[in-house]
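One structure below.
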C-alpha cells in the first residue's frame, strides 16, 4: 500500500538521518525529555527535534516510514488556527503541528512531509485507499468512523457551536435554528447533528470557508461546526461574524488522528507520541504557537487507548 511513498521518500532519508535529536517513543535512545519544549532548537516551523535513526520492529508502519524518510499527511487547507494553507504552499496550524510532531518521532523532518488537502467527506477514503499515511484534520472520533478507520488520541477536545453575523441577536443556540437554512460541510458530524437533533435545513458544502459568503448574503442564517474552527473565521474576518450565545458549545468533539483500520502498532506508537507531548509540555507549546494565538490553551485530553 505504501510502495509509492517509500520510493518518493528514499531521497529524503539521508537528510532525515543526519539530523540529531531526542529518541522516539519505542526507539533507541529514547529518554526523559521533560523541559525540552522550552529549550528546543529543532526542525521546521514548529521547532521539533528529529529522532536520529529510530529503530522499530520490521514490517511495521513505523519502520516503513522511518526507512523512507518521508510521510504523507492529510489535513485541511481552509481552517484558520488548525489547518490553513500558508506561505510556500505549506499548511499551518495546530493540526499541522501535531502531524509534524508524529513525523519527527519517525525521523522525518518537516520538509519531507507531503501535505494533502483532505476535506471532511474525503478523510476515510484517503486513509483506506492509501493516499495518506495519517489524517490530522479536525477529525472527530466517533463509533461509526471507528468501523472504517482507526484513531489515535484524542489530541484536542472541541465542541459544536454556531456562527452568525455580528449584528444578529436572534439566534442564541441550536434550538433557534429549527427550519432555518444553516451551512455546514456535507459528511461532517456537525451537519448531521444540526439536522437530526435540531431540525435545521442544511445547506451543504465541501469546505467550511465556502459557508462564509452564503452567511454574508443571507442565503443562510448561520454556520455550524466546531467552536475552534468558527473562532478562526471570526478572528480572520474581524467585525463580520460572532459566535452565537457567547460561543457556548452543545456537543463534545474529540479530535483524533485517523489511521488505517487494524494497524494497532501504529496507533499505539502515535498514542505514545501524543502522551509524551502532553507530559513534557510540547503539546502546550504547539497549541500556544498556533491556535493559542486566539484561543486559551486548555489542558490536554485523556487518550482513549481502545
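Brief remarks on what is shown
- Residue count for the range 57-67 under the criterion of being out of contact with any strand residue (DSSP E or B) (no Cβ under 9 Å at 6 or more places or on another chain) and touching a residue at least 60 places away in the same chain (Cβ under 8 Å): the result is 5.
- Of the residues 265, 260, the single one that is farther than 23 Å from residue 118 by Cα, out of contact with any strand residue (DSSP E or B) (no Cβ under 6 Å at 6 or more places or on another chain) and not assigned by TED's automatic domain parsing to the domain that holds residue 190 is 265.
- Single residue of the range 255-297 satisfying the filter (modelled with pLDDT under 95 and part of a loop (DSSP other than H, G, I, E, B)) that is surrounded by the most Cβ atoms within 10 Å (Cβ to Cβ): 295
- Some residue of the range 157-168 being modelled with pLDDT of 95 or more, out of contact with any strand residue (DSSP E or B) (no Cβ under 6 Å at 6 or more places or on another chain), within 30 Å of residue 272 (Cβ to Cβ) and in a loop (DSSP other than H, G, I, E, B): no
- Boolean, residue 246 is assigned to a helix (DSSP H, G or I), surrounded by fewer than 23 Cβ atoms within 10 Å (Cβ to Cβ) and modelled with pLDDT of 95 or more: no
- Checked against (1) outside the structural domain of residue 103 (by TED's automatic domain parsing); (2) without any contact (Cβ under 8 Å) to a residue 60 or more places away in the chain; (3) within 24 Å of residue 106 (Cα to Cα), residue 288 passes all but condition (1).
- Scan of the range 177-189 for residues that are at pLDDT 95 or above and buried (at least 18 other Cβ atoms within 10 Å of the Cβ), ordered by number: 177, 182, 183, 184
- Subset of the range 183-201 [in contact with a helix residue (DSSP H, G or I) (Cβ under 7 Å, 6 or more places away or on another chain) and either closer than 14 Å to residue 250 by Cα or part of a helix (DSSP H, G or I) (or both)]: 194, 198
- Residue match in the range 190-206 (condition: within 30 Å of residue 71 (Cα to Cα), in contact (Cβ under 8 Å) with a residue 24 or more places away in the chain and outside the structural domain of residue 132 (by TED's automatic domain parsing)): yes
- Options 174, 109: the member that is touching a helix residue (DSSP H, G or I) at 6+ places or on another chain (Cβ under 8 Å), surrounded by 21 or more Cβ atoms within 10 Å (Cβ to Cβ), touching a residue at least 60 places away in the same chain (Cβ under 8 Å) and closer than 22 Å to residue 211 by Cβ: 174
- Condition met for residue 91 (out of contact with any helix residue (DSSP H, G or I) (no Cβ under 7 Å at 6 or more places or on another chain), touching a residue at least 60 places away in the same chain (Cβ under 8 Å) and under 18 Å from residue 209 (Cα atoms)): no
- In the set 260, 253, 265, only one residue is closer than 30 Å to residue 129 by Cβ and within 15 Å of the chain's Cα centre (by Cα); that residue is 253.
The values are calculated or read from the model by the stated rules, or taken from the named source; none is laboratory data. The structure presented is a predicted model; accordingly, all values stated were derived computationally and were not measured. Methodologically, a virtual Cβ is constructed for each residue, glycine included, from the backbone with ideal geometry; neighbour enumeration extends over all protein chains shown.
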